[in-house]
Amino acid sequence: MSTSLEQKWVEKWHSLHVFEPSSLSKEKKFFFTVPYAYPTGPLHVGHGRTYTNGDVTARFHRLKGENVFWPMGFHVTGTPVLAISDALKRNDEEMKKLYTEYVGIYEKDPKKIQSLIQSFVDPANVANYFASHVQEDLQKLGCSIDWRPMFTTMDKEYQKFIHWQFRKLYAKGALVKGKYPILYSPADKNAVGEDDIKDGDTDKVQIQEYTLVKFPFDKPNAFLVASTLRPETLFGCTNLWINPQIEYARTRWNNEEWIIAEKAIEKLQLQGKKFEIMEKFSGQSLIDKHASNPLDEKTKIPILPASFVSAEKGTGVVYSVPAHAPWDFIALYELKQQKYPSAEKISPITIIDTPGFEGIEKLLAAHKAISLKHREGIQAATEEIYKKEFYEGKMNLKNGFLVGMSVQHAKEKILQNLIAKSRCDSLHEPTRKAFTRAGNPVVVAVMDDQWFLDYSSKEWKQKTHSLVEKMPIYPEYFKKSIHEAIDWLEKRPCIRKRGLGTKFPLVESDEWMIEPLSDSTIYMVFYIAVTHIRNASLSVEQLDEAFYDAALLGKKLPTNDTRAAIANKIFEEVNYWYPNDLRHTAPAHISNHISFFLFTHTLLFPEKFWPRGLTFNEMLVRNGVKMSKSKGNVIPLQHAFRDYSADLTRLFIVSSASFERVADWKDNQVPQVKSKLNDVERTLTRAIESTENKLTPAHEWLVENLRARLSEAYDAYDKFEYMYAAQKAFFETLNEVKRFRKVFGADESPAVKQVLKEWILLLSPITPFLAEELGERAKLGKLVSQMTVAKPQSKPNKAIEEQVVFIEGVLQDLEHVRKLVRGKQPKLGFIYSKDSRETAWLRDAQQALSKHTQFEIRVNDAHDPLGKMAKSVKGRPAIYLE
RNA sequence: GCAGGAGUACCCAAGCGGUCAAAGGGGCCAGACUCAAGAUCUGGUGACUUAGUGUCUUCGCAGGUUCGAAUCCUGUCUCCUGCACCA
C-alpha cells in the first residue's frame, strides 16, 4: 500500500466526517481518550505505539457498533519548549541542526525552514508549529480522531476552564499554601529550571536536604551549627571541624545565636532565616575550643582544624564521625601524624554494623585514598559507605539506645529527638555546584508562597481507591501500582514561575503559572464543551465559574442569563458523553497524570462521571536501546510512513509485542512484516476477483475455519490482546488457506469470498488503509470505517477436519519416508489402506498429494513388493516409495 | 534499598498444571520456479535413533509439591521501569 493511496483515505475519512460522532446517535456511546501530546518535535514511533493501540481500540469499538468519540488536543504549556527556544537564541549548533531536521520533515523550502527556525526563539511558536504537524502525523498514522474539538492548552477557553478547576479545588480544600525549596539564582532574582543551568540536561541538579545540628557553644542559646546528611551518626561524633582559613560569623535569629561560615549566611537567608550579623571572625579563633553534644550536653566536643571544610557547602561547620565518614577519618589521621595534641586522644567510635563491611580503612584502601588530596577516591568511598550503611546497616551503640535498629529507622528517631530538644533545623543544597547559562551561581531558595495540591486527605484517597478498585484496568497488575501511587501522593507544588501556562487564579500576581501536570487532569470533559463554546462565540468574561458550573456540572444559571441556553446544551452533551469510558496511555504516567486524573474526578464530579477504564502499553525501544534526542536514534513517524507505509508501521507495532512488553523497533525486522501484509492482500484480492462461487464441502470446511480464526481475533480485540488479534487475523487465517491448498490442491477463493467482509473488517483496526482499499475493491458499499461486524460464528466441520488431519498425517509420513530413502528421488508413491473411508479420502487427495510430493501417488495399487498392505492399520496407511 | 515487571529454542515472542520439544513471526538450511536475482511456494530447524518409530535433554539457576510442571511453592541470580514536583 503506497503512501499516496493512504493519503487518499485520510482525505476521504476527513471529508466524509467519518470520525465525527453525534450525541443524537442511539448506539451505545464510547468516549475514548489518549493523553494529548506535548509537541516539542515530530511524533516518533514510540508515540506511534500508544496512538496505534489507541486507534485499534477506537476502531474496534466502532466495529462493534458503538458511537465512538475520540478527540485530541495539544499540551503546549510547560518548560521544555523554553529550553528549545533558549538554545536556538544562543545559536546552539546541535539544537539548530536537530530542529532543521525536524522542520525538514514537513517543509521542503530551505528558506522557509530557516525562517521557521528563527521564529522558534519564541517558545509559543515551537509549540504551535509542532502541534499542527503532530496533527498531521496522527492523521497519516490513520488515527480515527474527531478533530473538531481540537484545542491547545494556551487557548483562552481552556485557560478559563482551568481557572474554574482550580477554584473548585480550592473550595474543596485541596489547594494549600506552604514553603517549598526551589533552585534559584540570586543574581537574576529568579527560579531556575534544568534548561537554565549549564549542563543541566546532561548532569542533573537536584535539591538535597541537609540536617543542621546545633552544638551548644560558649553560652546559652548559642550554637555552632553543623550541617550533615547523616544525623544518625551523631553518637559517633568525636569532634567538630572548622576551617581556620575561612571567615565565620556570629548571627542572631529568633533569640538564638548561630555560628556559621559567613558565606552560608545569604544562603540561609534565602531559605527563610532572617539573620542579623553580630560579629565576624576567622575560623582560627574557634580552634581547640569545645562545644557540647546536642543530645548530651555533658559530653564536650573539641574543635579541630580541617582544610577540607568548605564555606560553600553547608554551614562551614562539620561534625566529625571518623568511624563512618571517609573525609573525617583521613583528616583525623593526618592530624595525628602531625602529632596534633588534641587529635591524638581521639579514636573513632563505631556505631553502625554493616554485614560485609570491614572497616573504613579497608574501604579507603580499596579506593586508593590515603590523604586528603585523593578527593575522588574519598568521595567515591563516601558514597559507597553511605549507601551501604543506610540500606543494610544496624545501630550498635554501647549505651543501648537504638541498638539493633536499622539505620534508616534510627535516622528518623534521632531526628525526632533533635526536634524535641529543638537542636536541629534544615538546609537545602543543590546536589552539585551549578551555574546558570549566564554564569551566575545557582542556590536553593525556600519560597513561602508556594501553593500545593494536597492529596493527603484520607477520605479523598479512600474515594479514589474505591474508584480504582472497581475499574477495569488492563494489564491488570497496574491496578496495584495505581493504588500505591494514590497512597504515596501527598502535597505537590502546583504553581511555578517559569514556562508557558495558565495564570494561577488565586493570587493577584501575574508571575505564577499553573504547573502543567496539574492542569491536565479533567480536560477530557473540556473536549465535549469546547466546540459548543466556540460556536456560541462566548467572550472570555462570560466563561466564568458560574458558566462552567452550569455547563459541566449541570447547575442552573438564572433563566434571564443569556448563557443559560448554551450552558444547558453543553451539559446535555456532557451528560451524554461523560464519563470517559476508556483512557489509554503509558505506565510511566501512573504516578502523575493518571493519579491526578482519578483524584480530581473523584473530588470534582459526581460518581456517575467518574472514569470507567484504563489501559496501558509499555514503551517502545529501537534496536534494544531507548530512543532519545541526545542519542539521535529517534525515528519520526513520518520517516516510518515514507519507508514502510502507515499500515506496515501499525502492523509491526501491534504484532511485535503485547501491551505489557517493551516493544523493540528492529530496523531490519520492520520490512519483513511486509511480505505477510502482501500475502493477505493477494489472497483477498484473488477472492474479490474470482468469479467462481461454487462451494465444495472442502470449501465449507475452510469457511468455518476462517470464521473460527476471525472469531478468535474478535475476542482478542475485545480483551486488548492486539498482538494475538493480529496473529489470528493476519497469520493464522492464511495458515488455514495454506492447509486447504495443501490437502485439496484447489483454489480457495469461493470460500474466502464467504468471509470476505468479516475478514476485511477484522483487519481494519490494525491496517485501516489496506482494509478500506480492499473494501472498495470488494464493493462493500460503505467505507470500512463506517461498517460494523458481529463476532463471527463458526461450527467446525468435524468430518472434513478429520479428513484434513488424516491427509496432513499422510503427507508428514510421506515426507518422513522420502527422507529415509536419502539421495534417491522416488518417482512413485504407493499408499495402502484397508479402511474404506480413508481410501476414499486418499483418492480424493490423490492429485493434491502428487502435486505436493512431486511424485506420482497411487492408492491401493496392486503393486506391493514389500507386502505393505498387510501392515497398514486404520488411521495409519502404509507407504512404499520407489 | 523499596515497589512493579521480565528472564522460553539462533532472534523476537505466545503459553501459565496433562493434548508441550513448546503457537505465531523472523532468520537460517534444503527443495520447486527462474538464464539469474528478487518475489512466491514446499519441507526442515534440541539431540540421538527409525521405511514413517522410539528414547533422552530443554523453558535464568537450585530445591520442593504433584501420578504429572515452562506453568504451582521456596530460595537464588540477572535485566528493565518507577521512587516525585519533571513532561
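Can you tell me which residues in segment A:495-537 are crowded, with 21+ Cβ neighbours inside 10 Å and over 28 Å from A:Asn592 (Cα atoms)?
A:Ile533, the sole residue that qualifies.
Take segment A:861-882 and flag every residue that is more than 8 Å from RNA strand B (Cβ to nearest atom), out of contact with any Phe, Trp or Tyr (no Cβ under 6 Å at 6 or more places or on another chain) and either farther than 18 Å from A:Val805 by Cβ or small (Gly, Ala, Ser) (or both). Can you show your working first?
Just the residues of segment A:861-882 that are more than 8 Å from RNA strand B (Cβ to nearest atom), to begin with: A:861-865, A:867, A:869-870, A:873-875.
Restricting the remaining residues to those that are out of contact with any Phe, Trp or Tyr (no Cβ under 6 Å at 6 or more places or on another chain) gives A:862-865, A:867, A:870, A:873-875.
Correct list: A:Ala862, A:His863, A:Asp864, A:Pro865, A:Gly867, A:Ala870, A:Gly875.
Among the residues in segment A:392-411, are any within 13 Å of RNA strand B (Cβ to nearest atom), surrounded by 14 or more Cβ atoms within 10 Å (Cβ to Cβ) and either modelled with pLDDT of 80 or more or among the hydroxyl-bearing types (Ser, Thr, Tyr) (or both)?
Within segment A:392-411, one or more residues are within 13 Å of RNA strand B (Cβ to nearest atom), surrounded by 14 or more Cβ atoms within 10 Å (Cβ to Cβ) and either modelled with pLDDT of 80 or more or among the hydroxyl-bearing types (Ser, Thr, Tyr) (or both).
For segment A:827-846, give me each residue that is over 22 Å from A:Ala870 (Cα atoms) and within 9 Å of RNA strand B (Cβ to nearest atom).
Within segment A:827-846, none qualify.
I'm trying to understand the selection: among the residues of segment A:828-880, which are assigned to a helix (DSSP H, G or I), polar (S, T, N, Q) and touching a residue at least 24 places away in the same chain (Cβ under 8 Å)? Spell out how you get there, then give the answer.
Step one: of segment A:828-880, the residues assigned to a helix (DSSP H, G or I) are A:836-853, A:868-871.
Now drop any that are not polar (S, T, N, Q), which leaves A:836, A:839, A:846-847, A:850, A:853.
Hits for segment A:828-880 are A:Gln847, A:Thr853.
Output the number of residues of segment A:707-747 satisfying the condition of being within 11 Å of RNA strand B (Cβ to nearest atom), touching a residue at least 40 places away in the same chain (Cβ under 8 Å), of a type in the set (Lys, Arg) and within 19 Å of A:Val789 (Cβ to Cβ).
Selection size over segment A:707-747: 1.
Please determine, by comparing only the residues of segment A:442-484 that are among the small types (Gly, Ala, Ser) and more than 10 Å from RNA strand B (Cβ to nearest atom), which one is nearest to the chain's Cα centre (by Cα). Before the answer, list the steps.
Applying the first criterion (among the small types (Gly, Ala, Ser)) to segment A:442-484 yields A:445, A:456-457, A:466, A:481.
Applying the additional criterion that residues be more than 10 Å from RNA strand B (Cβ to nearest atom) yields A:445, A:457, A:466.
Values: A:Ala445: 31, A:Ser457: 26, A:Ser466: 24 Å.
Filtering first and then ranking leaves A:Ser466.
Condition first: within 16 Å of RNA strand B (Cβ to nearest atom) and either touching a residue at least 60 places away in the same chain (Cβ under 8 Å) or not in a helix (DSSP H, G or I) (or both). Can you find one or more residues in segment A:567-583 that meet it?
Yes; the residues of segment A:567-583 include at least one that is within 16 Å of RNA strand B (Cβ to nearest atom) and either touching a residue at least 60 places away in the same chain (Cβ under 8 Å) or not in a helix (DSSP H, G or I) (or both).
Is it true that some residue in segment A:722-733 is at pLDDT below 90, closer than 30 Å to A:Leu842 by Cα and not charged (D, E, K, R)?
yes
Give the residue, chosen from A:Val805, A:Val810, A:Val789, A:Val817, that is under 30 Å from A:Tyr717 (Cα atoms) and within 14 Å of RNA strand B (Cβ to nearest atom). Don't jump to the end; show me each part of the working.
Working: A:Val810 fails: under 30 Å from A:Tyr717 (Cα atoms); A:Val789 fails: within 14 Å of RNA strand B (Cβ to nearest atom); A:Val817 fails: under 30 Å from A:Tyr717 (Cα atoms).
It is A:Val805.
Return yes or no: is A:Gly142 within 30 Å of A:Arg534 (Cα to Cα) and surrounded by 20 or more Cβ atoms within 10 Å (Cβ to Cβ)?
Numbers: within 30 Å of A:Arg534 (Cα to Cα): yes; surrounded by 20 or more Cβ atoms within 10 Å (Cβ to Cβ): yes.
Yes: the conditions hold for A:Gly142.
Conditions tested, residue by residue: (1) hydrophobic (A, V, I, L, M, F, W, C); (2) touching a residue at least 40 places away in the same chain (Cβ under 8 Å).
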site	(1), (2)
A:Val10	yes, yes
A:Trp13	yes, yes
A:Glu20	no, yes
A:Leu24	yes, no
A:Thr40	no, yes
A:Gly54	no, yes
A:His61	no, no
A:Ile84	yes, yes
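Which residue is modelled with the lowest pLDDT, if the candidates are limited to segment A:743-791 and must be surrounded by fewer than 22 Cβ atoms within 10 Å (Cβ to Cβ), in contact with a helix residue (DSSP H, G or I) (Cβ under 6 Å, 6 or more places away or on another chain) and farther than 30 Å from A:Thr3 by Cβ?
Among residues in segment A:743-791 that are surrounded by fewer than 22 Cβ atoms within 10 Å (Cβ to Cβ), in contact with a helix residue (DSSP H, G or I) (Cβ under 6 Å, 6 or more places away or on another chain) and farther than 30 Å from A:Thr3 by Cβ, the one modelled with the lowest pLDDT is A:Gly745.
Mind listing whichever residues of segment A:70-83 are under 18 Å from the mean Cα position of the chain (by Cα) and not in a loop (DSSP other than H, G, I, E, B)?
Scanning segment A:70-83 gives A:Phe74, A:Gly78, A:Pro80.
Has segment A:626-634 got any residue that is farther than 25 Å from A:Lys479 by Cα, of a type in the set (Ser, Thr, Tyr) and away from RNA strand B (no atom under 12 Å from the Cβ)?
Of the residues in segment A:626-634, the ones farther than 25 Å from A:Lys479 by Cα are A:626-634.
Checking the rest, the ones that are also of a type in the set (Ser, Thr, Tyr) come to A:628, A:630.
Retained after the next criterion (residues that are away from RNA strand B (no atom under 12 Å from the Cβ)): A:630.
Among the residues of segment A:626-634, at least one is farther than 25 Å from A:Lys479 by Cα, of a type in the set (Ser, Thr, Tyr) and away from RNA strand B (no atom under 12 Å from the Cβ), which makes the answer yes.
Hey, among the residues in segment A:100-117 that are without any contact (Cβ under 8 Å) to a residue 24 or more places away in the chain and of a type outside the set (D, E, K, R), which one's surrounded by the most Cβ atoms within 10 Å (Cβ to Cβ)?
From segment A:100-117, those without any contact (Cβ under 8 Å) to a residue 24 or more places away in the chain are A:100-101, A:104, A:107-116; that's our starting set.
Still in the running and of a type outside the set (D, E, K, R): A:100, A:104, A:110, A:113-116.
Numbers: A:Thr100: 15, A:Gly104: 13, A:Pro110: 10, A:Ile113: 18, A:Gln114: 14, A:Ser115: 13, A:Leu116: 20.
Looking at the filtered set, the residue picked out is A:Leu116.
Which residue is nearest to RNA strand B (Cβ to nearest atom), if the candidates are limited to segment A:61-96 and must be among the aromatic types (Phe, Trp, Tyr) and buried (at least 23 other Cβ atoms within 10 Å of the Cβ)? So that I can check it myself, show each step before the final result.
If we filter segment A:61-96 for residues that are among the aromatic types (Phe, Trp, Tyr), which is where we start, we get A:69-70, A:74.
Next cut, buried (at least 23 other Cβ atoms within 10 Å of the Cβ) only: A:69-70.
Working: A:Phe69: 24, A:Trp70: 21 Å.
So the residue we want is A:Trp70.
Would you check which residues across segment A:19-69 are in a helix (DSSP H, G or I) and among the hydrophobic types (A, V, I, L, M, F, W, C) and list them?
Initially, segment A:19-69 is screened for residues in a helix (DSSP H, G or I), giving A:45-63.
Result: A:Val45, A:Val56, A:Ala58, A:Phe60, A:Leu63.
The values are calculated or read from the model by the stated rules, or taken from the named source; none is laboratory data. Keep in mind that what you see is a predicted model, and the values were worked out from it rather than measured. Neighbour counts run over all protein chains shown; Cβ positions are idealised from the backbone, glycine included.
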